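Notes to accompany the following structure.
None of the figures in this text is laboratory data; all of them are computed from the coordinates on show. Being a predicted model, the structure only gives us computed values, none of them experimental. All Cβ positions, even for glycine, are placed from backbone atoms using ideal geometry, and neighbour counts span all protein chains on display.
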Amino acid sequence: MTYAAGIQMSSGPNVGANLIEAGRLIDRAVQAGARLIVLPENFASMPVKEIDRLEVAEQEGVGPIQDFLASKARQHRIWIVGGTLPLKVDRDSKTTASSLLFNDRGDRVARYDKIHLFDVQLENGEKYNESGYVQAGSQIVVADTPFGRLGMSICYDLRFPELYRGLLDQGAEILVVPSAFTEITGRAHWEVLVRARAIENLAYVVAPGQSGYHINGRETHGNSMIVSPWGIILDRLPRGSGFVIAELDRKRLEANRTSLPSIFHRQFR
């Protein structure tokens, strides 16, 4: 049996402290049987000011955050989706928000740069302008793993079903959504969106999130979950640090896609 885990954290601005906590939770998830582990968005740094991301941004392939992910994958012989981390770009004022996939030898085998950026003004006064400090990606990314074809996405992407149709068109069977949903939007929309992406694509969804209050004043929703292709929540962690874990059963996925083959009945592409 193959088990996937999603790590839930309440990250702060200190990269070293966040990596210690992430390492502790990864070790626990491995002990529980996980072979695929997905970290949340901003797992290594939730800065006080967004411009502070520039100080911890790494060159692609070099830096303590990427070294940590490779080392943990190698140590436990597991596959890891490294939530998001900031990678440097040519523009000095921006970084990417990149999710990196490492195989069980510690090799980075895929990189996805967040496409949809969170530029919103919420009714409670919260305001976010992610495009002011993040350079958006443009490429859909699906990678082969021993557990199935893995489609990569990040947080705000969850609201754009056309992205997931693109992942499905490239053979995705597992969808990962490392996130840091705000409490107000998460309370209203998180569960229904996660389950909808699973149901409409007949795919497993591993959706770990940030949870709780952060030094920068944000409150994130948590409620990390793993959802089956039938839309069933297989495991959930409402609040706090920890992890969710569930079996990824490819035979069950194939059976769902055979018995209710809606993904093959699409008329608009």
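Positive end of the dipole of the chain (Cβ unit charges, origin at the Cα centre): among T96, A110, I232, the Cα lying farthest that way belongs to I232. The stretch between R74 and R236, if pulled fully straight at 0.36 nm per residue, gains 55.6 nm over its current Cα-Cα span. Projecting the Cα atoms of A70, L253, N216 onto the dipole axis of segment 3-263, where Lys and Arg carry +1 and Asp and Glu carry -1 at the beta carbon, places L253 farthest toward the positive end. Ordering 116-128, 11-23, 168-180 by mean Cβ neighbour count within 10 Å, with the highest value first, yields 168-180, 11-23, 116-128. Taking the Cα centre of the chain as reference, the dipole from Cβ charges on Lys and Arg (+1) and Asp and Glu (-1) amounts to some 640 debye.
Between R269 and V62, the simple label model (points 7 Å from Cα in the Cβ direction) yields a spacing of 4.3 nm.
Considering only L54, L150, L158, the Gaussian network model of the chain with Cα springs below 10 Å gives its largest mean-square fluctuation to L54. Computed over the chain with a Gaussian network model linking Cα atoms closer than 10 Å, the most mobile of G186, G106, G61 is G61.
Each label point was placed 7 Å from the Cα along the Cα-to-Cβ direction; for D90 and I184 their separation is 3.8 nm. For the chain, DSSP calls about 65 percent of its internal beta bridges antiparallel. Mind running the shape call on segment 3-263? Use the C-alpha gyration tensor, a ≥ b ≥ c as the square roots of the eigenvalues: rounded below 1.5 for a/c, prolate if a/b tops b/c, oblate otherwise. Judged from the Cα gyration tensor, segment 3-263 comes out rounded (a/c under 1.5). Of the trypsin sites (Lys or Arg not before Pro) in segment 20-85, the ones in a loop by DSSP (not H, G, I, E or B) with at most 14 other beta carbons within 10 Å are K49, R77.
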